[in-house]
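*Asks:* Could you have a look at this structure, given as structure tokens, before my questions?
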Amino acid sequence: MDYITKKISNWLLKENYITDDQADDIIYALEIVISNILPFTTILILGVVFQQLTKTVLFFLVFVGFRILRDRYHAPTFLKCYILTVGSFISCLVMSLIINLEVQLLFTFYMVILNILLFVVFKTKIDEGQNQKSNFIYNFILITYNSLCLILSKFVLHEYTVFLSVLGLIIVSTSIAKEKSN
């Protein structure tokens, strides 16, 4: 990605769209844009190819919604971020499709229990570095989300609640994880 953003920046510089002192800012901005667009474009393509558009939209809503609420774990490189983001979607999708219909309700129940247990055990770490109001809102929505997964599992197609409960595990896990300092 570094190569591509530098090439674009050099082209913009050559065409006099930017000045020398703006080049680093443009490179940084391009990296941010590309690192956000590429994984989401890949996820959208996968959702269309596998005819799972509803789950794709749910993934975007939940993933972006929780990212807005709390800027959780960030992978140290673009490639790792891409793999983690796309891998998260694929994990949720695969689990929702391979879990046998007869055990989907039970699977969702166990996932929600695991999510809530992880939240309770790691609450201090999840709340670390945030103000009290932010923690209250985030924690309330996280518990409500997992509770809704359980409630919805009684009324809607279970593969969706499997998908959402696995996504809940990813949300909780990335709320716990912290990027390692160098």
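The values are calculated or read from the model by the stated rules, or taken from the named source; none is laboratory data. This structure is a prediction, so every number in the text was calculated from the model and none was measured. All Cβ positions, even for glycine, are placed from backbone atoms using ideal geometry, and neighbour counts span all protein chains on display. Surface areas here come from the heavy atoms of the whole protein model, side chains and all, with no ligands, DNA or RNA. Shrake-Rupley method; radii C 1.70, N 1.55, O 1.52, S 1.80 Å.
*Asks:* What is the calculated FRET efficiency for Leu79 to Lys7, with r their C-beta to C-beta distance and R₀ = 30 Å, to the nearest 0.05?
*Replies:* Computed FRET efficiency for Leu79 and Lys7: 0.95.
*Asks:* Among rounded, prolate and oblate, which fits the range 81-128 when a ≥ b ≥ c are the square roots of the eigenvalues of its C-alpha gyration tensor, a/c under 1.5 means rounded, and a/b larger than b/c means prolate?
*Replies:* Oblate, since a/c reaches 1.5 and b/c is not below a/b.
*Asks:* Separate question: On the accessible surface of the chain, probed at 1.4 Å, how many percent belong to carbon and sulfur atoms? It would help to have the intermediate numbers written out before the result.
*Replies:* On the way: 7600 of 11210 Å².
So the carbon and sulfur contribution to the accessible surface is 68 percent.
*Asks:* Compute the angle between helix 158-176 and the longest alpha-carbon principal axis of the chain, please, reported from 0 to 90 degrees and rounded to the nearest 10.
*Replies:* Taking Cα atoms only, the helix is inclined about 60 degrees.
*Asks:* Show that you can apply the helix-only estimate: for the chain, add -39,500 (n - 2.57) for every DSSP H stretch of four or more residues, divide by all residues, and state [θ] at 222 nm to the nearest 500.
*Replies:* Numbers: 8 runs with 141 residues, N = 182.
It lands at -26000 deg cm²/dmol.
*Asks:* At 0.36 nm per residue, minus the direct Cα-Cα distance, what do Ile90 and Asp21 gain on full extension? Give it in nm, one decimal, please.
*Replies:* Numbers: separation 69, 0.36 × 69 = 24.84 nm, distance 4.08 nm.
That pair, Ile90 and Asp21, stretches by 20.8 nm at full extension.
*Asks:* Of Met111, Met95, which has the most accessible area with a 1.4 Å probe, and how do the rest follow in descending order? Write down the numbers at each step before the final one.
*Replies:* On the way: Met111 20, Met95 55 Å².
From most accessible down to least: Met95, Met111.
*Asks:* Suppose all protein chains stay in the model; what accessible area per residue would a 1.4 Å probe give for the chain, in Å²?
*Replies:* 62 Å²
*Asks:* With a 10 Å cut-off between alpha carbons and a GNM built on the chain, which of Ile113, Ile27, Ile90 moves the most?
*Replies:* The residue with the greatest mean-square fluctuation here is Ile27.
*Asks:* Also, quick follow-up: Over the chain, what lengths in whole Å, largest first, do the semi-axes of the equivalent ellipsoid take, defined as the square roots of 5 times the eigenvalues of the alpha-carbon gyration tensor?
*Replies:* Each semi-axis is √(5λ); the values are 35, 21, 12 Å.
*Asks:* So how tilted is helix 53-69 from the main axis of the chain? Cα-based, degrees 0 to 90, rounded to 10.
*Replies:* 70 degrees
*Asks:* Just the accessible area for Leu101, please: 1.4 Å probe, Å², rounded to the nearest 10?
*Replies:* In the full protein context, Leu101 sits at about 110 Å².
*Asks:* I want to check the label-to-label distance for Thr41 and Phe60. Put each point 7 Å from Cα in the C-beta direction and report it in nm to one decimal.
*Replies:* 1.4 nm
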